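Contents: one structure, followed by commentary.
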Amino acid sequence: MDPRASQLLLLSLAAIVAGACTREERRFSDLAVWSQPASLPPIGQALSPDAVGAAQPLSRPLAHSPYDGNAYAVNEGKRLFTWFNCTGCHAQGGGGEGPALIDRTWRYGSEPGAVFTSIVAGRPKGMPAFAGKIPEQQVWQLVAYVRALGGIVRLDVQPGRSDSLSVRPPEVMLKHRNPPSPSLEKPR
Amino acid sequence: MRLPLVVLADALGSHHALAPSGPQAGTIARLWWLYLAVVAVVCLLVVLAVLLAIARRRSRSSLPEAPALADTARPAAEPARALRTLDPARERRALRFVTASAAASAIALALLFVESVVTANRLEALPKSDALHVEVVAQQWWWEVRYPDSNPSLQAVTANEIHIPVGRTVVFQLNATDVIHSFWVPSLHGKGDLIPGRPTSLALRADRAGVYRGQCAEFCGNAHAFMAFSVVAEPPARFDAWLTRQRAAPAPPATPAEQRGQQVFLNGPCSLCHTVAGTTAQGHTGPDLSHVASRSALAAESFPNRRGWLAAWLLDSQHLKPGNHMPAVTVPPADLHALIAYLESLR
């Protein structure tokens, strides 16, 4: 093989490997993502959305989702989506009692912080507040998965197949791409 | 982290396919010893034959001397005549010997095959009348154990520690929720796969009281190596007492610390995944904790059930069992001590 071609091959392999690292690493014990215990509400305190929203500063800047480029975390979010019964209201993203998550409408915006707040503090019209119930690392995994459902997360990070009976195409095949800016649904 | 596993295996006692404690494992072990005997004899004979062949070749070689170096320049004009001429009598003897050996091998293999089939039939023939039925549902990476009853309120649910009565057949109904696992208690039986969506069953009997370690024998993900369980065989009276305790809800917390711990449990993330009978904690994605303090080990027999280990598990379970589904429980220290006190009260 002529030296230039082999150098090119080596460089491209290195680029692939370097790019793939963050996608594939499995951060089981992700201490950086957890908030300090003080940011969780004291046990026994009322967990009303207003109290939680007012008392807890977000542990991450609004724009940053720690798991958007991590396929393992997005898949964990997919598992937790069923485990914590998000499917009870949102089905497999198609919605029901709750709004659909695989469409282009984001009532409160698609920024990671907005989705985080929806899960942790709840929202009007029935979204429960999961502060203190779901550990923060798992909330960020769910945030990454909800954004994956909405098509915001990179294609190679999206889950490729369902682990249960499929009722819709897997996330990687959902044909939609969201605009980054939030759009409000018409009030009912 | 490795050392406790070794210590635990010793402490738990037999975990040895060649130390059977029940008829099923005994049948399998007998077959194993038969195979070992036959294979050892065959191996010895083959080795002897090879040595003999080498010795005979050396002593009665009729090949000519290797040509001198100067002669290699000459083309090999007479290669055929350099070969040893065949002796018809010796060839006939060799043919008879090879035929006899082939026949003996075929007969030995046939006998081993017949013995295998007989063994398989014997394993199926364990009498199952008056058997105890236990349902085992394998999840990543723990074992859900149910003792069903025709009366639903008498059903007992536990995790990772299976109690059975000595001398009575137990039929395990095996199922799984996510991927294929395998149920293996070497001292009591061979392996039985737990396949999602396809129930299987395994019948065994323990003839000696003791604690028998089992483990998952089908690779099932990150924490497959930490997916062990134990089968505790005890006299029928003790088993009945244990089952009665498991069927009942645990006693309500008595001391203030335990009561605070119950509040931490119910208001925090624990209740989302775990069940404690008699409380509002009815999560079904993690092991049932109603009687967690009665078990001798935690996290699918990964470490002993003691206060220090429990605290370590709560604070950073990923360090002890990487990849498992339990998140870290970040509670203030006072709440952690209360939570541990409460969990230790769940006998």
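The values are calculated or read from the model by the stated rules, or taken from the named source; none is laboratory data. Quick caveat, the model's predicted, so the values are computed rather than measured. We place every Cβ from the backbone using ideal geometry, glycine too, and count neighbours over all the protein chains shown.
Quick look at the numbers
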item: Residue selected from the stretch A:55-92 under the condition more than 20 Å from B:L272 (Cβ to Cβ) and part of a helix (DSSP H, G or I), by the criterion modelled with the lowest pLDDT; result: A:A55
item: Residue list for the stretch B:245-273, restricted to those being farther than 30 Å from A:Q137 by Cα and in a loop (DSSP other than H, G, I, E, B); result: B:A248, B:A249, B:P250, B:A251, B:P252, B:P253, B:A254, B:T255
item: Single condition B:P322 does not satisfy, out of (1) surrounded by 16 or more Cβ atoms within 10 Å (Cβ to Cβ); (2) under 25 Å from the mean Cα position of the chain (by Cα); (3) at the interface with chain A (Cβ under 10 Å from one of its Cβ atoms); result: (1)
item: Residue among B:A228, B:A206, B:A237 that is closer than 14 Å to B:G167 by Cβ, more than 14 Å from every other protein chain (Cβ to nearest Cβ) and buried (at least 22 other Cβ atoms within 10 Å of the Cβ); result: B:A206
item: Residue list for the stretch B:331-347, filter: among the hydrophobic types (A, V, I, L, M, F, W, C), within 16 Å of B:R295 (Cβ to Cβ) and in contact with a Lys or Arg (Cβ under 8 Å, 6 or more places away or on another chain); result: B:I340
item: Only one of B:P287, B:P327 that is in contact with a helix residue (DSSP H, G or I) (Cβ under 6 Å, 6 or more places away or on another chain) and closer than 26 Å to B:A225 by Cβ; result: B:P327
item: So B:S290, is it crowded, with 22+ Cβ neighbours inside 10 Å, among the polar types (S, T, N, Q), more than 9 Å from every other protein chain (Cβ to nearest Cβ) and under 18 Å from B:A156 (Cα atoms); result: yes
item: Selection from the stretch A:115-132 of residues that are within 14 Å of chain B (Cβ to nearest Cβ) and without any contact (Cβ under 8 Å) to a residue 60 or more places away in the chain; result: A:I119, A:P128, A:F130
item: Contacts under 7 angstrom Cβ, first residue in the stretch A:69-87 being within 13 Å of chain B (Cβ to nearest Cβ), partner surrounded by 23 or more Cβ atoms within 10 Å (Cβ to Cβ) and outside any helix (DSSP H, G or I), 6 or more apart; result: A:A73/A:Y67
item: Set B:A341, B:A277: member being part of a loop (DSSP other than H, G, I, E, B), surrounded by fewer than 21 Cβ atoms within 10 Å (Cβ to Cβ) and among the aliphatic types (A, V, I, L, M); result: B:A277
item: Qualifying residue in the stretch B:282-290 (condition: among the hydrophobic types (A, V, I, L, M, F, W, C) and under 28 Å from the mean Cα position of the chain (by Cα)); result: yes
item: Condition check for B:L336: of a type in the set (A, V, I, L, M, F, W, C) and either in contact with a His (Cβ under 6 Å, 6 or more places away or on another chain) or more than 14 Å from every other protein chain (Cβ to nearest Cβ) (or both); result: no
item: Complete set of residues in the stretch B:253-269 that are buried (at least 18 other Cβ atoms within 10 Å of the Cβ) and either at the interface with chain A (Cβ under 9 Å from one of its Cβ atoms) or of a type in the set (S, T, Y) (or both); result: B:R260, B:V264, B:N267, B:G268, B:P269
